[in-house]
Amino acid sequence: MAESPVHQVIKLKDLGREEAVNGDSNLPLCVKLGNDESPALQMEGDVVIGGLFRLHFMAPELRHSYHKKPQMIACSGFDHRAFRWMMTMAFAVEEINSKSDLLPGVKLGYRIMDSCDSIHTSLQAFFSLVSFSNVETHLENSTCLSDSPIPAIVGLASSSPSRAVAQTLGSFNIPLVSYFATCTCLSDKQIYPSFLRTVPSDFFQVKGLIQLVTFFSWFWVGTIGTTDDYSRYGIQAFSDQFRLQGGCVEYHLTIPASPTTDEIQTMANTVQRSTAQVVVAFSNEGQLLDLFLELAQQNVTGIQWIASESWVAATLLTSPHFHHLLEGTLGFTFPGVRIPGLKEFLLSVKPSPKPGMEFVNMFWEEQFGCKLRFEGERLGENGTDSLDNVTPVCTGSEDLSLASSSYTDVSKVRISYNVYKAVFAIAHALHALLNCDSEGVKNSSCNKMKHFTSEQLLSHLKKVIFTNQFEERIYFNSNGEPAPLYEIVNWQKDSSGEIRFVKVGNYDGSAAMGQQLRVLQSRIIWTGGELQVGVPTSQCSAPCPPGSRQATRPGEPHCCFDCLPCADGEISNQTGSTECIKCPEFFWSDPDKVKCVAGVEEFLNFTETMGIILVTLTLLGVIMTVIITAIFYHFRTTPIVKANNSEISFLLLLSLKLCFLCSLVFIGQPSVWTCMFRQAAFGISFVICLSCLLIKTIVVLLAFRANFPGLNSKGMFGPTQQKTFIFCTTAPQICLCTGWLLGGPPFPFRNPAYQIVVECKEPWPPGFYLVLGYIGLLAFICLLLAFLGRKLPDTFNEAKFITFSMLIFIAVWISFIPAYVSSPGKFSVAVEIFAILASSFGLLLCIFVPKCYIILLHPERNIKKGMTGKYNR
């Protein structure tokens, strides 16, 4: 590598139209430009390309007083990896100069400057690169090939500085080929027409990261970024697309450009307290350093870090201090190669006091922790050495091959390879522009007499297509970007305890959707090293098991939910189902609600437990009614039976038997006849029963209220009138049932809403409610009349018992309606049977049991005096 100052070219007309010294006034000559104040790594050439590298990752803060000219403030935080990128550019230029088939006869030069890692330092370096103050001499016998001192620039590493420089260069059509700026925003050719890059846009990286986290079912993550464009655009795109895939971001932390201790501690506490075990970080290693130092100090473990390509291969964070925190990190990086001859070139670097070697000297002092002292330099005013007594002096002969750093680690370079490709792309564009492949000319060389502009170089650069020595096809698409190819790397400890970047998969952004991501899961070491068994989980709520569905909690992200079991007739056969699937008609869900099975026809059967209980109660009611009928028949001549109108009593007992027996029609598989008969039998039986009770109530009231002279209650309401009354009150119900059954009769129906229940469907529900309403009307009239006679002065007052029976009857049927409507399937039938039995038992026990009690246990009261209460007076 030449160490002399760079020589650049400008046209003499730009310097006041001076005459050419070699006799041709129309031919622009090359002249030597003086150096500015900024240090640079440089080499002269016929065409000099520029380079901007973030040799330091910490830029000084701007503090202008506006009273004097701003002074150049040195950056801090020397980046050994960035210095390797810088030297890779120098290596690529020298390799091109040594080739006979690429730019023959044309010597490439370079001028490389430190852009630090901020916008203002990058712009300072850029203006220092393209503008030089003093014109000293011209290059003898050398012609100017370009009208610009720097026709193309390789740089920068960060997106925000790249935007600032690219927008400025775009106005002059000077190509800027970036090796590491990946922000999607830079793809806008309207704003950045001369920007190209050898790395793909973050558009593809974000898509890959989304596929990676969803591949491992990580739908609950945290994100960390910075204030620059790379992080801002990347995090926003990731968050938006992640939500579309069903994921949730628990928190997002933005690291300020110059964070305070309190800010770092607050962010570290947020990371430590969060439930998200996966954190996606879009930043570079320098900006993450303070936060990781705090997290390491707090001994935070168990976090699965997902790294963007900016820091996934950063050796700055691989020191043992971070092992417990960052081991197992996963992330995307660019494909790496081993460039032949690069390591030997890097190891041949030596410090020198000559101009253009300042960066090499900085590196040497940083690498070996010493201070260089050249002959005649670094002496104080009294001639004493300015070095302190602690820092050793560099000899300049230290052996780089014995040093271990990211500078000498070239086993598989990635960003350096992007720099290498950028330089070769510019060289191939120049090769085509200078007509270096003239046909018919043996051992042709480039046309050094051809003058070109940066705009012409940009045009050829966009069209460049070549295959390099690594069999990679290099070209720029319409947006000035290469094919989106990535490797997935995993941070793993080797046998010596050092972190190594192990390839565990790849991602091809240009492939078909199903073939883009390939992961070798068995090769991954997760966070926590070998102690972690299986893939880590990161979720706000555990996925709901099959047979249930997710129910989002109000006011919380959709990733936080409760698990609710599927309803009857619905299933969910996958873990994490958000909705239950309704089974097809005549199919039903199994007990676990995970599959639909063919529905079994169900109905209230005589053989099941509920059917047996109801049949038993029915038979019990019938037997009790028969026994009471026998008792009444046996004692039919006694006063208590006669006093209660024996004919009406026997009719009432008969109707109660029918009421009990009609409940049997409701049990068993419904048929056309049972569906039609059951409701009619129920309605008519109860109307006859209530008609009898109503007559008994009227007779009691007339017997004890006939106080007017000449009023004969038996003549007014004798047996004939009583039978007529029963017929008149029953006839409306008979007519109603007949019209209902003729107009819209119930029919058997297979109801899939409650398993496959065979039930009687009511095509005209008002018919049923009219039948029930008429029964209720009679019951209410009977209750009202009985209530009026409840305090008659008798030892035995039948009106009181009728009142109790009607209260029970009405209470049962009022509670029946909501229970009947809300009961599913065959249970609605059971509810109706229960109401029939309960009301029937209520009538039987309230009306007849007290009489049987007197007949059987107190016969002394079964006399005429006993009926009036005069036996004990």
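The values are calculated or read from the model by the stated rules, or taken from the named source; none is laboratory data. The structure presented is a predicted model; accordingly, all values stated were derived computationally and were not measured. Quick reminder, even Gly has a Cβ in these numbers, built from the backbone with ideal geometry, and neighbours come from all protein chains shown.
The combined condition, being in contact with a Gly (Cβ under 6 Å, 6 or more places away or on another chain), touching a residue at least 60 places away in the same chain (Cβ under 8 Å) and buried (at least 18 other Cβ atoms within 10 Å of the Cβ), is not fulfilled by Ile426.
Okay, residues lined up against (1) under 17 Å from Arg81 (Cβ atoms); (2) hydrophobic (A, V, I, L, M, F, W, C); (3) buried (at least 19 other Cβ atoms within 10 Å of the Cβ):
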position	(1), (2), (3)
His321	no, no, no
Gly328	no, no, yes
Pro340	no, no, no
Leu346	yes, yes, yes
Met357	no, yes, yes
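Taking the numbered list (1) modelled with pLDDT under 80; (2) under 58 Å from the mean Cα position of the chain (by Cα); (3) in a helix (DSSP H, G or I) in turn, Val829 passes all entries but (1). Note on the range 837-873: among residues that are at pLDDT 80 or above and among the polar types (S, T, N, Q), the one that is nearest to Thr616 (Cα to Cα) is Ser840. So is Ile640 crowded, with 20+ Cβ neighbours inside 10 Å and out of contact with any Cys (no Cβ under 8 Å at 6 or more places or on another chain) or not? So Ile640 passes the test.
The set of residues from the range 544-570 being out of contact with any Pro (no Cβ under 8 Å at 6 or more places or on another chain) and either among the aliphatic types (A, V, I, L, M) or in contact (Cβ under 8 Å) with a residue 60 or more places away in the chain (or both) comprises Ala551, Pro557, His558, Cys559, Cys560, Leu564, Ala567. Among the residues that make up the range 104-120, is at least one of them part of a helix (DSSP H, G or I), hydrophobic (A, V, I, L, M, F, W, C) and in contact with a helix residue (DSSP H, G or I) (Cβ under 6 Å, 6 or more places away or on another chain)? Checking the range 104-120: at least one residue is part of a helix (DSSP H, G or I), hydrophobic (A, V, I, L, M, F, W, C) and in contact with a helix residue (DSSP H, G or I) (Cβ under 6 Å, 6 or more places away or on another chain). Taken together, the residues in the range 452-476 that are assigned to a loop (DSSP other than H, G, I, E, B) and surrounded by fewer than 15 Cβ atoms within 10 Å (Cβ to Cβ) amount to 3.
From the set of residues in the range 318-347 that are among the aromatic types (Phe, Trp, Tyr) and touching an Asp or Glu at 6+ places or on another chain (Cβ under 7 Å), which is modelled with the highest pLDDT? Result: Phe332.
When Arg518, Arg523 are checked against the criterion of being surrounded by fewer than 16 Cβ atoms within 10 Å (Cβ to Cβ), in the same structural domain as Ala307 (by TED's automatic domain parsing) and over 26 Å from the mean Cα position of the chain (by Cα), Arg523 stands alone in meeting it.
Of the residues making up the range 546-567, not a single one is surrounded by 15 or more Cβ atoms within 10 Å (Cβ to Cβ), closer than 30 Å to Ile415 by Cβ, among the basic types (Lys, Arg) and touching a Leu at 6+ places or on another chain (Cβ under 9 Å). Would you check if His138 is at pLDDT below 90 and either under 45 Å from the mean Cα position of the chain (by Cα) or within 14 Å of Tyr179 (Cβ to Cβ) (or both)? No: the conditions fail for His138.
Can you tell which of Glu250, Glu285, Glu263 is more than 25 Å from Asp202 (Cβ to Cβ) and surrounded by 14 or more Cβ atoms within 10 Å (Cβ to Cβ)?
Criteria check complete, one pass: Glu263.
If you take the residues of the range 288-319 that are of a type in the set (S, T, N, Q) and surrounded by 22 or more Cβ atoms within 10 Å (Cβ to Cβ), which of them is farthest from Val410 (Cα to Cα)? Residue satisfying both the conditions and the ranking: Gln304. Number of residues in the range 76-110 that are in contact with a Pro (Cβ under 9 Å, 6 or more places away or on another chain) and buried (at least 21 other Cβ atoms within 10 Å of the Cβ) equals 0. Any residue at all in the range 495-503 that's crowded, with 19+ Cβ neighbours inside 10 Å, under 30 Å from Lys421 (Cα atoms), touching a helix residue (DSSP H, G or I) at 6+ places or on another chain (Cβ under 6 Å) and not β-branched (Val, Ile, Thr)? Checked the range 495-503: no residue is crowded, with 19+ Cβ neighbours inside 10 Å, under 30 Å from Lys421 (Cα atoms), touching a helix residue (DSSP H, G or I) at 6+ places or on another chain (Cβ under 6 Å) and not β-branched (Val, Ile, Thr). Reported count of residues in the range 172-200, each being surrounded by fewer than 24 Cβ atoms within 10 Å (Cβ to Cβ) and of a type in the set (S, T, N, Q), is 4.
Any idea which of Glu608, Glu647 is at negative phi, within 60 Å of the chain's Cα centre (by Cα) and surrounded by fewer than 22 Cβ atoms within 10 Å (Cβ to Cβ)?
Only one candidate passes the filter, namely Glu608.
Scan the range 574-619 for residues that are out of contact with any strand residue (DSSP E or B) (no Cβ under 8 Å at 6 or more places or on another chain) and either aliphatic (A, V, I, L, M) or without any contact (Cβ under 8 Å) to a residue 40 or more places away in the chain (or both) and the total you get is 15. In the condition set (1) farther than 22 Å from Val199 by Cβ; (2) out of contact with any strand residue (DSSP E or B) (no Cβ under 9 Å at 6 or more places or on another chain), Thr453 is compliant with all but (2).
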